[in-house]
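Below is one structure; the comments refer to it alone.
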Amino acid sequence: MSEVIPILDNVLIRPFPSENISLGGIVVADSFKVRNQKATVVAAGKGTKKRPMQFKPGDVAYNIQNSGEEIIIDGVQHFLVKDTYILAFEN
């Protein structure tokens, strides 16, 4: 696997798979799926002098939908986001 190391206040996340069935029980086509807001932290930068990084690999993060830059690593979709785009996390 390629190793991507974020710098400063950037966090590399891998979103959880999107659901195929809506809450009402309707099967959702791939073209209508939205990115899951729940993601796993894969790697994190060190933060800045004023604000050290509080996330670590393995944390489950809840991020703002449609934020960050998409990166494909070994065929898997990841996103590189600023730490301020993460609204909450589980460790």
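Scanning residues 5 or more positions from I71 or on other chains, those with amide H under 5 Å from its amide H are H78, F79, L80, with H placed 1.01 Å from N in the peptide plane.
Between the alpha-carbon centres of region 39-58 and region 73-91 there is a gap of 10 Å.
In this rough spin-label picture, where each label sits 7 Å from Cα along the Cβ direction, the I5-K46 distance is 1.0 nm.
Among D59, D74, D83, which comes first, second and so on when ranked by fewest other beta-carbon atoms within 10 Å? The partial results should precede the final answer.
On the way: D59 18, D74 7, D83 22.
Exposure proxy ranking, most exposed first: D74, D59, D83.
Which far-off residues, 5 or more places away or on another chain, put their amide H under 5 Å from the one on T40, with H placed in the peptide plane? Correct list: R14, F16, A61.
A cut-off of 5 Å between modelled amide H atoms, ignoring neighbours fewer than 5 places along the same chain, links D9 with G47.
Every number here is computed from the coordinates shown, using simple stated rules; none is lab data. Here the structure is a predicted model, which is why all the values come from computation and not from measurement. Cβ sites come from the backbone with ideal geometry, for glycine too, and all protein chains shown count toward neighbours.
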